[in-house]
Structures are given as structure tokens and as C-alpha cells.
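For reference, the structure is listed below as C-alpha cells.
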Amino acid sequence: MQNLMLFTDGSVDPSSKIGYGSYLWVSDLNQSLELLKPRIQTLRFENTSSTKVEIQTLLCALSELKTLPAAIGVYTDCQNMLSLPERRSRLEKKNYKSKKNDALALGNLYRAFFAWLDKLNFEIVKVKGH
């Protein structure tokens, strides 16, 4: 089993709600940029938000795993994603509902995020955003 690094980022045009997310799996930081560039995956999402596209991109990247690595470091600038593990118990306790008892818009994505976190126990690493 190997250790993997997953680099993710996303961006959304708020007026059209069209977003793009990109990710790159890296197992060796000594690989050249020429070898890494063609492996960057880009996804298009409609009717999305900045937080939603970031989580959607992560979930798509994780779903392509064929074998379970020894460890995964997820590198992101998404503050919401970084805070999800700390917020988990509260989200689950409230059954992914707001103070007004409405279902959270991203509740299903949060559930999927936690399912992957339980399966892979990945580490989320903050990178400086733009």
C-alpha cells in the first residue's frame, strides 16, 4: 500500500451557478510537472456553489480509487471542508438540519464526505487560497 496526496480546488460563477473542480492524485512529489499535468482531472458542475463544488470534486476523486491506500492527505483551501470533521457530531446530532429544522442543502454531501472519511481516515491539509 502506498501513501497518496490529493490536491483539489474548485471555482464557481455565482451568476450562472456553473462551477469547475479539478483534482490531482500524487504519489511522488519528485515527479516532473510534465508528467503531472496530463493527470489533472477537471469536472463541470451545474447549479452549484463554491462549497458544493469543492465537496463534489473531492467525492468524485475519492470514488475513482480502485484500491485503498495506506494514507491519504487531502490538500484544499476550502474552509468548509476543513471544518467538517469538527462539526460532525453537531451535524449528526441535528440530523443535518438547520436551527429552523430545515434539511441542510449540503446534508447529503456531508453524509457522503463522512462515509469516505470513515472508510479512508484521510487527513485534510489546509493550503493557502488565492
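The values are calculated or read from the model by the stated rules, or taken from the named source; none is laboratory data. What you are looking at is a predicted structure, and each value in this text was computed from that prediction instead of being measured. Ideal geometry is used to build each Cβ from the backbone, glycine not excepted, and the neighbour counts take in all protein chains shown. In case anyone asks, the SASA skips ligands and DNA or RNA and just uses the protein heavy atoms, side chains included. Shrake-Rupley method; radii C 1.70, N 1.55, O 1.52, S 1.80 Å.
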Accessible solvent surface per residue of the chain, calculated while the other protein chains remain in place, 1.4 angstrom probe, Å²: 63 Å²
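About its Cα centre, how strong a charge dipole does the chain have in debye, to the nearest 20, once Lys and Arg get +1 and Asp and Glu get -1 at the Cβ?
The dipole magnitude comes to about 620 debye.
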In Å², nearest 10: area of Thr42 left accessible to a 1.4 Å probe: 90 Å²
Most to least accessible of Val127, Val74 (protein chains only, probe 1.4 Å): Val127, Val74
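May I ask you to rank Met5, Met81 by accessible area, largest first, using a 1.4 Å probe over the protein chains only?
Met5, Met81
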Under 16 Å from the Cα of Lys119 - aspartates and glutamates, other chains or at least 8 residues apart: Glu64
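So which GluC sites (Glu not before Pro) in segment 41-130 end up in coil per DSSP with only 10 or fewer other C-beta atoms within 10 Å?
When the GluC sites (Glu not before Pro) of segment 41-130 are filtered for loop state and at most 10 Cβ neighbours within 10 Å, Glu46, Glu64 remain.
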Whole-percent carbon and sulfur share, accessible surface of the chain, 1.4 Å: 51 percent
Gaussian network model of the chain, springs between alpha carbon atoms under 10 Å - residue of Asn95, Asn30, Asn108 with greatest fluctuation: Asn30
Solvent accessible area, Å² - Trp25, 1.4 Å probe, full protein context: 30 Å²
Which of Ile55, Pro38, Phe114, positive extreme of dipole for the chain (C-beta unit charges): Phe114
